Structure formats: structure tokens, C-alpha cells
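Below is one structure; the comments refer to it alone.
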Amino acid sequence: MKGSLRIGLIVAGFGVVWLLSGTLFTVNEGEQVLVVRQGAPIGVITEPGLKAKIPLIDSVTYYEARLLTLEPPPEQVILGDQKRIVVQAYTRYRIANPLRFNQSVRTLDLAAPQLGQIVSSSLRRVLGQVVLPSLLSAQRAKIVDQIQNEVTDKGKALGIEVAEVRLHRADLPLETSQAIYDRMKSERQREAKELRAQGFEWAQQIQAKAERERTVTLSEAQRQAKITRGEADGAANSILTKAFGEDPAFYRLYRSLQTYRQALADTGATLVLSPDAAFLHYLKAGPDAAARR
């Protein structure tokens, strides 16, 4: 009897444990639970804590209540101006309606491809109507908001609330970028050649103008110098003529001294004269000789 009682208690204990494990379940922070009774959903539990259900009749399915991130691989998109760009978008979303989510996609593994397809189709439709300069300007924010609104509307059918859709990158394909770089390089080289040629032409013009002004200035200066020199020579001759008329002896002395200065200078020619030469008259007799003549 004691052995049978002990076995009965053990069986009863296992039964209680099984009953409790099938009746009680826990909802953690960041989780939400869909309760299904015999295939029919009866409610959603979002409050964390210890909850109860009917064993063997009710079943629970756990879903994330936190924000989830979807990052599909980059894809090429044709813009409205027929240019191709490589776009990678990321989407942040949460399961807002667990019942509809369970009915439409059931699991996150099945939901990710469908949501990715929605994002891709919205990207292609919206970007197919814009041109590349618009995507690179301040209009980019409006374009991204338009994509997000479309994804949000279509995501409601899956029980998903889309919190954010953003473009992680939007670049030109590598071959297109290289072609654009080569075209920009050749364009800059062409502009550089044009600027060099224009600069050389300007330099030639400035140099020719400066040379012309120099020639004109020198010619004018030489002309003015000749005029001044002629006027000075005329004035000097007039003064000498007047001096000769007033004092012929002084004039002859002055002219002789000028001749001596030029003949006896270091750069002058070498003269061989006899002592009684007239050229040496004033050197021998002095200034008084002019008065005696």
C-alpha cells in the first residue's frame, strides 16, 4: 500500500507540474503574445508578467514588440532621366497587429521578404519619376517621405507599422562613376587648355602694348631731348656770340681752354707738338696773353 501511495503521489505531482506548465506562461518586456483557442484567436497580450491559459485548448505565439530593422541588399534603380543608381534602403518597423500578422505572414522569416518586396517596389516606382539632380538636392527628404508613406500604407495589410524608411546609400554604379569621372577629367583638361591659351594670348597682348608704349615713350623722350639739346645749343651759341662781341680776348681764351680740356683729357689722343706751336700759346704765356693779342 505504501508503495502504491508513493507512486500515486509521484504521478499526481507530475500531473500538477504538467498542468501548471500548460496553464501558465510568461510574457517578457519587449514581447507580445497572440492567444489562439482551437484555431480561433481570442486576444493579444502586451502587458508583461505571468499569464494563464487553458491547457490543450489554448496555444500562444510570441512576437517582438520592439522596433525591428530590415536591410535588404543594394539594388539598381532606373531614375526618371534614365540614369542608373545603386540604392540600399533600411526600414525600421514593429508588429502592430499580431493577429493580422499571424494571418498574413505568420513568422518574421516569412515577413521579411514580403516587406522587402514592398520597399523595393515603392523605391522603383517613386525614384522612377525623379531625376538625379532632385535626388541630390533638398528635395531628397520629400522623395524619401513619399517612399515611406507608400510602404507604411502597404505594410498595414501585414499587421506591420513602419516607423522609418531611409536611404542608406544612393550611388552611381562603378562603371558609370568611372565614366563620369573620365568625362569630368577630360572636360577640366579642355578648360585648362583653353585658359592657358587665353592667358598666353592676353600675355602677348599686354607685352605688345607695353613694347609699343615703351617705343612711343622713348621716341617722344628722344624727340624732346633733341629739341631741348637744340634749344640749349642755340642758347649757348647766342651767349658765346654775345660774349665774343663784348670781349673777343676772353672768348678766345675760353675756347682755347675747352680745347685744352678735350685734348689733355685721359681719353684724348696723344699730341706731339713743337714748343713754339700756337696751340701751346696760352699754356706758356697765361691769361695775360689773351689781353695782349
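Which chymotrypsin sites (Phe, Trp or Tyr not before Pro) does segment 48-128 hold that lie in a coil by DSSP with at most 14 other beta carbons within 10 Å? It would help to have the intermediate numbers written out before the result.
Details: sites: Tyr62, Tyr63, Tyr90, Tyr93, Phe101; in loops: none.
Passing both the DSSP loop test and the Cβ count: no residue.
Work through the residues other than Ala208 whose Cβ is under 14 Å from its Cβ and net out their charges, Lys, Arg +1 and Asp, Glu -1. Walk me through the intermediate numbers first.
On the way: positive: Lys209, Arg212, Arg214; negative: Glu201, Glu211, Glu213.
So the environment of Ala208 carries a net charge of 0.
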Net charge contributed by nearby residues that have their C-beta within less than 15 Å of Val105 (K/R +1, D/E -1) | +2
Measuring from a point 7 Å past the Cα of Ala40 along Cα-to-C-beta, which residues in segment 99-136 have an amide N at less than 18 Å?
-> 99-100, 103
Charge dipole of segment 170-269 about the Cα centre (unit charges at C-beta), most positive-ward option of Thr228, Ser256, Gly199 = Ser256
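Among the GluC sites (Glu not before Pro) in segment 26-116, which ones are in a DSSP loop with at most 16 other Cβ atoms within 10 Å of the Cβ? Mind listing them? Before the final figure, lay out the partial values.
On the way: sites: Glu29, Glu31, Glu64, Glu75; in loops: Glu29.
The qualifying sites are Glu29.
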Taking a point 7 angstrom from the Cα of Ser219 along the C-beta vector, which residues in segment 188-208 have backbone N less than 16 Å away?
-> 208
Taking neighbour counts of Cβ atoms within 10 Å as a proxy for exposure, in what order, fewest first, do Ile206, Ile143, Ile42, Ile160 appear?
-> Ile206, Ile42, Ile143, Ile160
Only residues of segment 120-139 count here: report those whose backbone N is under 17 Å from the spot 7 Å along Cα→Cβ of Glu187, or say none.
-> 132-137
Could you name the aspartates and glutamates in cross-link range of Lys142, using Cα to Cα under 17 Å and dropping any fewer than eight places away on the same chain?
-> Glu150, Asp153, Glu164
Principal axis lengths of segment 98-211 from Cα atoms, whole Å, largest first?
-> 93, 26, 19
Check cross-link reach from Lys209 to the aspartates and glutamates: straight Cα distance under 17 Å, and skip same-chain residues fewer than eight apart.
-> Glu201, Glu220
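All of the numbers you see were taken from the coordinates with simple rules; none came from a lab. These numbers were taken from a predicted model, which means no experiment stands behind them. So basically every Cβ, Gly included, is an ideal-geometry build from the backbone, and we count neighbours across all protein chains shown.
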